[in-house]
Amino acid sequence: MSRARQPPLVTGISPNEGAPWTKVTIRGENLGTGPNDLIGLSICGHNCLLTAEWMSASKIVCRVGPAKDDKGEIIVTTRSGGQGTSTVSFKLLKPERIGILDQSAVWLDELNYYDMRTDRNKGISPLSLRPANPLGIEIDKGNVPLKDLENMFPSMSGDFTSENFSATWYLIENHSSTSFEQLRAAVVNLKKQASKKNEGSLAYVKGGLSTFFEAQDALAAIHQKLESDGTEKVEGSMTQRLENVLNRASETADTLFQEVLGRKDKADSTRNALNVLQRFKFLFNLPLNIERNIQKGDYDVVINDYEKAKSLFGNTEVPVFKKVYSEVETRIEALRKLLLDKLLETPSTLHDQKRYIRYLSDLHAPGDPAWQCIVAQHKWILQLMQNCKEDLIKEQKGTHTLGGVSLELDRSSALNRISLSAPVKRGGSFQTPKDDSWHYKSPQQVRFVEKLSDVVISQLPNFWKLWISYVNGSLFSETGEKSGQVEKLKKNARQRQNDFKGMIEEVTRRLVQLVRGALLPSSLTEQQLRQYGGWDTKTPLSGAWLTQVIHTVRLSHEALSALEIPNDLLQVIQDLLQDLRVHCLLTTLQHTEEDVKRLAEKEDWVVDNEGITSLVYVLCFYYILSGLFHSKNLKIKNLRINGVCFSRPSLSSEQRLLIILSNCQYLERHTFLSLAEHLEKNGFTTAEKIIRVSIEALRQLDEYLFETYIEKKSDPIVGSLEPGIYAGYFDWKDCLPPTGVRSYLKEALVSIISVHAEVFTVSKELVSRVLSKIIEAIAEEMSRLMQCVSSFSKNGALQVQVIGTWKTRRSFVYVKHLESFSGCPMHPKANNPIL
């Protein structure tokens, strides 16, 4: 803030005396910093600001007005220093009345001249005429507005020279604070003036009484002669001759004074014109000054000059002033149009918009320029968003040349600045790649979302701030506040709140629909898709690109939320973020599922100490995904994949099945439980459901694979029992006493031992489950075979009993031996009574 200047000080005036309208030069200190800083100048109590010309801080030139005081100080008032003082004074000389033929040593600015022929005053101009004080007392101007007086006294005037003069108006206007005693003194003055006038006329008559009598006698003789003559205007009559004599006398008199009077009238006209031009040169030069200042861009100066001219000449009835003022209004109207065009021009800064709105407010522009600017900015933002989509679609189709610059996100873009300065939230923020060619490698939809978000982030904040300034009235200047214009515009703003809310909703809705058209076309109707779609979606975006898109949209939402825009206007963006997250998750899981399926090709089938391979991790993620997608044909797909992909020649299909079963068992007992804990720990609300569905799918696969393995291993053993029993035409009705174990039983035991060895090599935890199922199958087959025999001989029955007892004991002991060796409980289904 600059330090306040010292008050003005007048130290000299040249000349120091003179008649009204004398041109003087005032000198002093701190007389202002410029023409606009000078706000007051009085000499002898008369306001001389209208004729003042500020030359410098130490010099001012003006003309002295018809002040009421004969001698007084020179007071200068400035904005920067306030009201000043004076060390000198000016003496006002009363103008002398000089006849039209009187000689004068100086050129006089004649306010009034004395007509010797008519013995009366003749004013030269209504602007220069200043009537005297008729009451002879001090005039005390009141504070009653002129408009109130006009309403109180319609068709009347306070000018005592007017035909419609109202004494009450005159007293209220000039003597509203005058005391009653002073008014009584004024009545005495009026009576004295009237008596002097009467006495002067009577003395004049008394002094020329003989002349009057002679004139009376002459007129009576003429009248008598005319009556005796009996003629009036007959040619050659006395009346006609007398008229001719009088006309010649008049013509002779006019000839004597016509040249002098003509020169005098011409000089008066010239002086009057020069006086008017000099006195009102501010108005006459104003049109040209307005044009020059407009070209220089000094709109503040133009507005100040216009306000000054409007206050002085806005209601003038003088034709020449009205003509010049109409020219000023024409220039101002052109300025209003120019400023309005600049205001609606796009792009433009918020500072320029506020400046132009303030100018138009000071110029009393019709309508509401601020609202017009808001509407234009809204249309421009929507057009930018639409152009962004059309340009990238053209580029995608190969019909638009970018030149490597037009759609590239600049390092100084609004989105990039927010991305670099945004705090890490919900897992971190996206960092702009260091490789400048990164944007050329990114998909068009990703670049479109970034460009669209940059448009919204860079334009919508200024749009919102312009509205806030419009609502609180900060767009308008002090001039508008004084005239009541601000309150009117604030009222308009309150009435247009719903309209502006609709604009913000349209921008956010357009942002959301354009993003949906590029990334979520299935969420739009056919009509919306024709307007906001048009993208090539043959190659869907990966989860990584969708994650970046979500980050970009989230940055846009956070930037708009920081402007304190109501949440209900931003709800559509939050809904879009939710849909994008779901779409990103589904896409990521689908791609991950495909990747996991392909990982099976890299299985090495190397079993570790726990009986699992690297395939267990593949199955883990795969079944988690299957739990999310609720796959009903999971086991069929897995079998097909396993049958096609797992083709290591050194392993049989049964061994691969065992390895997969071991992996499934490990997944169910260990991995899924650990995953459930981690999901719950990280706030995954549907973890329990996912694990449950995944375990169900895993058990289905395990059961199917187990049945397949049991079938592959039990079928050869079971199938060899019947041929082994009846080998050599064996007959239960005619058989020898049993003396030992037959070969088919030995082969069955060897096969069981082989299965045990194979299972134990992979996973000892599967031994009891597998062997129990195989022994159960053998026992069921033996039971079936025995039931098919119609009758037994004594030896046959004994053999069946021995086989049953031996087989039961051997199987029971063998199973118990396996349980103690493996440390696993026997499978519940192994306790079959038939054994």
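The values are calculated or read from the model by the stated rules, or taken from the named source; none is laboratory data. Model, not experiment: these values are computed from the prediction. With ideal geometry, Cβ positions are generated from the backbone for all residues, glycine too; neighbour counts draw on all protein chains shown. In case anyone asks, the SASA skips ligands and DNA or RNA and just uses the protein heavy atoms, side chains included. Shrake-Rupley method; radii C 1.70, N 1.55, O 1.52, S 1.80 Å.
Note on surface exposure: Ser714, Ser311 rank Ser311, Ser714 by accessible area, highest first, 1.4 Å probe. Take His46: with every protein chain present and a 1.4 Å probe, its accessible area is about 50 Å². Counting Lys and Arg as +1 and Asp and Glu as -1 over every other residue whose Cβ lies under 11 Å from the Cβ of Gly517, the net charge comes to +4.
In the structure shown, the pairs Lys94/Lys323; Lys68/Lys192; Lys342/Lys394; Lys394/Lys451 are assessed against 25 Å; a Cα-Cα span above that value is assigned to Lys94/Lys323; Lys342/Lys394. Rolling a 1.4 angstrom probe over segment 715-810 with all protein chains present gives an accessible area of which 57% lies on carbon and sulfur atoms. Once you reduce segment 543-570 and segment 134-177 to the center of their Cα atoms, the two points are 70 Å from each other. Counting heavy atoms of the protein chains alone, Phe212 has an accessible area of about 100 Å² for a 1.4 Å probe.
Considering all alpha-carbon pairs of segment 493-578, what whole percent are spaced by more than 19 angstrom? For segment 493-578, the fraction of Cα-Cα distances above 19 Å is 46 percent. With contacts taken as Cα pairs under 8 Å at a separation of at least 6 residues, segment 715-810 carries a relative contact order of 47 percent. Taking amide H atoms as placed 1.01 Å from N in the peptide plane, the amide H of Ile39 lies under 5 Å from those of Thr77, Thr78, Arg79, each 5 or more residues away in sequence or on another chain.
Given a 1.4 Å probe and the protein chains as shown, His223 ends up with an accessible area of around 110 Å². Heavy-atom accessible surface of segment 9-92, averaged per residue, reaches 44 Å², computed with a 1.4 Å probe. Residue ranges 76-89, 519-532 sort as 76-89, 519-532 when ordered by packing (mean number of other C-beta atoms within 10 Å per residue, highest first).
Treating each Cα of segment 9-92 as an identical point scatterer and ignoring solvent, apply the Debye formula and state log10 I(q)/I(0) at q = 0.17, 0.19 Å⁻¹. Ignoring solvent entirely, the Cα scatterers give -0.55, -0.69. Heavy atoms of the protein chains alone define the surface here; on that basis segment 715-810 has 54 Å² accessible area per residue at 1.4 Å probe size. Apolar share of the accessible surface for segment 9-92: 46 percent from carbon plus sulfur atoms, 1.4 Å probe.
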